[in-house]
Structures are given as C-alpha cells and as structure tokens.
Number of protein chains: 2
Amino acid sequence: MMPLDFRSVPDFGLAWLDASGPDCDIALSTRVRIARNLQGYPFSVRAKPADREAILSTVQDVLDRTPPVANGIFVNIDRLDSRGRLLLLERHLVSRELVGQDGSEAPSSSALVASSDQPVGLMINEEDHLRLQSLTSGFSPRQTWGLVDSLDEELGSQLPYAFHHEFGHLTSCPTNCGTGLRASVLIHLPGLVLTKEINKVLQGISQVGLTFRGLYGEGSEVVGNLFQISNQTTLGKSEEDLIDHLQKIVGQVVEYERQARAVLVRDATNVIEDKVWRAFGLLRHARSLGFDELMNLLSGVRLGLSLKLIAGPRVYVLNRIMIFAQNAHLEEAGGAGTLSGPELDIQRAIYVRSALAEAEPSPGS
Amino acid sequence: MMPLDFRSVPDFGLAWLDASGPDCDIALSTRVRIARNLQGYPFSVRAKPADREAILSTVQDVLDRTPPVANGIFVNIDRLDSRGRLLLLERHLVSRELVGQDGSEAPSSSALVASSDQPVGLMINEEDHLRLQSLTSGFSPRQTWGLVDSLDEELGSQLPYAFHHEFGHLTSCPTNCGTGLRASVLIHLPGLVLTKEINKVLQGISQVGLTFRGLYGEGSEVVGNLFQISNQTTLGKSEEDLIDHLQKIVGQVVEYERQARAVLVRDATNVIEDKVWRAFGLLRHARSLGFDELMNLLSGVRLGLSLKLIAGPRVYVLNRIMIFAQNAHLEEAGGAGTLSGPELDIQRAIYVRSALAEAEPSPGS
C-alpha cells in the first residue's frame, strides 16, 4: 500500500452525501468507530516517536492482506500540510486529535486508511493506536457496524490487540474501554426544536444511556438543528446490544421528529413555508454568510424539502454545501492562501449561491 | 363634469411612480397642497350638511371652466364604499380626514377632483373647503408648486376665497393660515441612517423651519428610511419664499445623502452589498410579509439600485410595490372580502414575488 494524495480522490469520504440511506430526510449519516490498541506498546499519550513508528509499520505490514482496505487509500497525516489535515477533519474522516489542535501540527507517524470501494477505514496513532471507522448515509447503525466489525475481524486476526478477559478491549481513555465502540447518528431535528419538544427528548435519551453533541463532536455547539446522538458507555454490554439499543432509541427519536413535523404542517404551514423560503432566499442571494448562519438556513431548506414545501434543491446539494462551505474547503477551492474571517464569509456566500443556482427550486405542492 | 368610478382609471394618481423626476434615486415624490375656503360658509368643522352641499355645488359649477381640471376625474368620496376610499388614501390622493377614520365613514358632500392630463387636482369639503394639490415624481418643489398655483389662479378668479388682508388665506386650523401651503418631499435616506448622521440632519432642518413625518403624514412612524420633509409654518412668508426655502434645504439633504452613500460604498461595500441582496432575497422568496418589513426591505433594494450593487428591478417596480402592496390594494386585487392580518401578509408576499419575478436582476457592477 502506497501513500496517496487524497486530494486526487475527488469523492474521498463523501459517499454519505448522496442521501441514499434509510430515513435520510431526518438522519444525515451514521458513524461507528471502535478503539483498538496493540499489545506491547505504550498507549498514544505515552508512546515515544519510535513506538509510534513501530505501531504504524506493524499495521502497514498487514493492510495489504486486509480486505476491504487492501488496495485502498493511505494518507500520512503528519506529512500533509495544515490545510490538508483540516480538509480531512472537515470531511469527518479524522478526529481533531489526529490533526492536532487547529491543524497546526500533527502527531508523528499518524495515518488514515480508507477502503476504495466501501465507506470503512481506520486511523493509526490517534488517541488509540487504531480507530476503525465507518460513515454511511442515513440512519443505519447495524449496516455501519457490520462494516467496522468485518474490518475488525480481519485486522484482529493478524494483529495482537490489547485485550483483558474482564475489561475487554483496553483503551487510552477508560471511557472507551470494553467494546471501544462509539456509534452515532447525525440527525436533523427542526420539528422537535420548533415545537419545543427537543429538551424532553434529549432528557429522555440521556436517561437510557445515550448522549448528544453538536456537529463537530465532543464540546461542539448544536447548530442548524443538527444533533449527533451516540452511546454514552462502551462497557458492560456487547457491541450488538449497544448497536441495537441505539437503533431502537434513535428510531424513536426519528418517529418523534416525524410527528413534530406533521404537527407543524397541520398547525403552522404558512409560518413554516415562510421560514423555509426566507432561508432559501437568503442562501440564494446573501453576499456574506457565517458558517453557523449557513447551517441554520440549510436547516430551514432541508425541513422544507422534507415537508414538500419547496421542490429542490436535492438533499445531496444541501449535504455537499455542509462540507464544501467549510473554511478549509473554501480556501482549498480558492487556491489562494489563508482567508480572513470576512473573506471566508464572502467566499462561502459565493459558493452557496453557485451550488444553489444549479438547482433552482420551484414552489412545492 | 360627471361622477366617475376612479377604479376604471388604472393609472389614477400613479404618474409619480415612473421615477422620471429630478434626483429620483433619492427623492420619491414632491407634494404641494394649499388650503382654501369660500367666503360666506362656516369652516368644515362647523358646516352643516346643507352648507357642505352648497359648497360642493358652488365649486362644481366652475370646474368645467377651470383648466386643467375641466374634463377631469370627479369622485364623490361619500358615495364610495369603504375600500374605495382607502384605495384613494393609499394612493395619497386624499387625506385621512376626507375618508373618515379607518375609511368606515366619509364626510357628506366630499369629493376629489383630478386633471386627466396633469398631476394636479383638489379635494372638496375636507378639513378646509378646498385643498388644491399636486403630486409629482422626484424632487421638484418649484414645478409642483407651479401646477397648484395655476389651478389656484383659475379657481380664485371664479370663487370668492376667504381672505384677510393681514392674515392672508383663512383656514380651518390656524397652523395653515396665511399661504395655506404645505410642500413636502418624500425622501429616502438610508445612507444617513446607516452612517448615523440622520439625527443631526433632522435637527438641522427643524432649526430652519422644516419638519419631517413618516410615509403617512402627521403622526405616522418612519418606515423604510422614508421621510416626508415639509415646511413647518405657512404664515409670514410668500409661497415662493416657502418653496424656495424647501428647494434649498432639501437640496442640501439630498447632497448629504449622496455623500453618506459614497462613504458607505467606500468603507463598507461588502456589508452594504450583502444587506441589499439579502433584502432582495427575502422579497423574492418570503411567503408572508408585513408592510413595515416590506418597506424596510424595499429600502435595501432601492439603495442597492442607486449604488449599482444590483441591476434591476427598476425604481418604477419598487414604487409600484409601495402602492399596490398596501392593504386595500391587496384586497381590491384579490376581489374577495376583507382579509385578516395574516392573510394580508401572505397576499402581500405573493404580490411582491410576482412583481419582482417580472424584473429578475443580475449582479451589479
């Protein structure tokens, strides 16, 4: 497996944008990752450069014998420039740990591996030695887990995992110990927000072992009515039980959101229709757009599409905007150097206008 | 001169909308009116129905010999339905006094007369027996005064005006005594508002005998950065002096506004461009628009046109929207009965969208 410039792979990590998955009018994507560590090496926080190099080398040696990542994409994170690392972060392909805070430095011997035909891969030398991960369209915990589980079986048969008969998989941070599994669904809940039911729902999920975060994971704000709902604990249950539980509870949240949207259509169609079209009007014409405002406006249009109050643009276009209107993507597209905050907002508005111009909608039914 | 259904005259009172007058990128219209009363009759507040009938009859007798209103339009206000009276009010052709509070009743024997080929006419049995008036495009106090003055000479030569050698023309309200003249310019001052110079300018004009009001005259709020600047006093100066003074002072305000716009373009083009296009985006796509919000959004687009930040719609289209997106005009166009507040806002948005769809703009230079 050879190093590759991921920029030469135009659709790298973007398969989920096509909105082909289940319940994709409400759930944008499902992510599953598991943390694994190799026996005989210190955890990443204590590992010396030589340890990290050895870990990378050990893993690289088996990749070519590991479907489905054999013949896949291999990216040396620490050899990427800062913008390259931020691009991967903005595509949700690497964690903030892996690119270093604000992308300015990357841990040595860190790498990203991805299958070239399936949405599955792994990070090497992140917070844990290995983070196996999959990101798919819509609401599909079981399918997504299946992809990660298969990769885990292939790798685990070739690499000596750090495993304790009582605690299960050992991890750098104790909160990941056991299964090492974190499964999350990125879900759009404007109905529950507008009907003011959202707090009740979020309290409910926290009482059954789930938690929520914003778009960019731990500690990030909720913008655009987008919530990442994931399992809180990783220990004491099997992977299958954790996935089934997430499937069941988030399935209920999806159902609540559907009911809330039905209430909105029944009781406040005019208000919602106005809100949706105003959001579209601002996206289509604004000359400067902050990222948070963009996410809130996209939320309005996304809701309108789901309720058939607006016909077009496709959800795929909205998903693409979420990725390509981020700072590093705007800078990369511009080709120039770093942009200031106001310059980014202007470039963001230009990008959004052009993306929507290709998909001019007509009034919905 | 025969009574006429003004609704059959599609451009009645709308000539000024064409934005053909001087400085029409800043001044929307100029209005001049003079108050006159007939000798031998009580002022309107004390006049009995028989007096009012006699006044109407006396005036009607001479109209056919009075160019330019001979062969013009004659409307019996008190025979109009409520919506008809409100339509005239929304076109700024009659005062609130003449249509009765909220249009629900009209004073007896009240009438509106208008030339069919010049923007000049008169109200009969308003607060004064006669109110001669003219409304023209742009900033043109002298020309507009000329139209009213000519009509005044024609009428005055045939009707015995109540005139006192010391006080001049006698009027129902002492504040109109003397010349009976009120000249006003409807002026759009977003530059002075955005650069926060407006209060200084308004204080300045009040120190030189001028005053300002909102779009609907005395007591009305300023919306959409539209100010009606008029002379405060009517006594102690000749009509020509009052008009010259207004011409001079408002001319300065126009110049200040031009300077403020130049500052905005120099220091904040991006911010202003964004503001302009956001306003356009909302007008073009909103599904519900309150009248005040509409005026504020139109102000943004009007400013953008003037600064060439947006190419189209024409000022004529914006002026038309100001008139036809008013409540009575929306109800008249809909043909149905009275509309509720939310229904009006929806109809207003529908009208605005269709008006702008005919004039889709392209980015400015």
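The values are calculated or read from the model by the stated rules, or taken from the named source; none is laboratory data. Quantities reported herein were computed from a predicted structural model and do not represent experimental measurements. Reconstructed Cβ throughout: ideal geometry from the backbone, glycine too, with neighbour counts over all protein chains shown.
Things to note:
- Selected residue (criterion: farthest from the chain's Cα centre (by Cα)) from residues of region A:129-158 that are buried (at least 20 other Cβ atoms within 10 Å of the Cβ) and in a loop (DSSP other than H, G, I, E, B): A:129
- Residue check, residue B:195 in contact with an Asp or Glu (Cβ under 7 Å, 6 or more places away or on another chain) and either more than 14 Å from every other protein chain (Cβ to nearest Cβ) or surrounded by fewer than 16 Cβ atoms within 10 Å (Cβ to Cβ) (or both): no
- The residues of region A:271-296 that are within 9 Å of chain B (Cβ to nearest Cβ) and farther than 28 Å from residue B:347 by Cβ, listed by number, are A:287, A:288, A:289.
- Qualifying positions in region B:15-56 - charged (D, E, K, R), modelled with pLDDT of 95 or more and closer than 28 Å to residue B:235 by Cα: B:31, B:33, B:36, B:51, B:52
- Residue match in region A:284-299 (condition: free of Cβ contacts under 8 Å to residues at least 60 places away in the same chain and of a type in the set (Ser, Thr, Tyr)): no
- When residue B:241 is tested against (1) more than 22 Å from residue B:215 (Cβ to Cβ); (2) within 14 Å of chain A (Cβ to nearest Cβ); (3) acidic (Asp, Glu), only condition (2) is not met.
- Considering the conditions (1) more than 30 Å from residue B:196 (Cβ to Cβ); (2) away from chain A (no Cβ under 14 Å); (3) among the small types (Gly, Ala, Ser), residue B:299 is excluded by exactly one of them, (1).
- Selection from region A:245-269 of residues that are charged (D, E, K, R) and in contact (Cβ under 8 Å) with a residue 24 or more places away in the chain: A:257, A:258, A:261
- Unmet requirement for residue B:235, which otherwise passes all of (1) touching a Phe, Trp or Tyr at 6+ places or on another chain (Cβ under 8 Å); (2) surrounded by 19 or more Cβ atoms within 10 Å (Cβ to Cβ): (2)
- Test: residue A:184 is in a strand (DSSP E or B) and either closer than 26 Å to residue A:59 by Cβ or in the same structural domain as residue A:300 (by TED's automatic domain parsing) (or both): yes
- Taking region A:206-231 as the range and being over 17 Å from the mean Cα position of the chain (by Cα) and either among the charged types (D, E, K, R) or in a loop (DSSP other than H, G, I, E, B) (or both) as the test, the residues that pass are A:208, A:209.
- Check on residue A:70, in contact with an Asp or Glu (Cβ under 6 Å, 6 or more places away or on another chain), surrounded by fewer than 18 Cβ atoms within 10 Å (Cβ to Cβ) and closer than 30 Å to residue A:141 by Cβ: yes
- Condition met for residue A:317 (more than 11 Å from chain B (Cβ to nearest Cβ) and within 23 Å of the chain's Cα centre (by Cα)): yes
- Qualifying residue in region B:49-63 (condition: touching a residue at least 24 places away in the same chain (Cβ under 8 Å) and of a type in the set (Gly, Ala, Ser)): no
- Screening region A:302-314 for residues that are touching a strand residue (DSSP E or B) at 6+ places or on another chain (Cβ under 8 Å) and free of Cβ contacts under 8 Å to residues at least 60 places away in the same chain and picking the one that is nearest to the other protein chains (Cβ to nearest Cβ) gives A:310.
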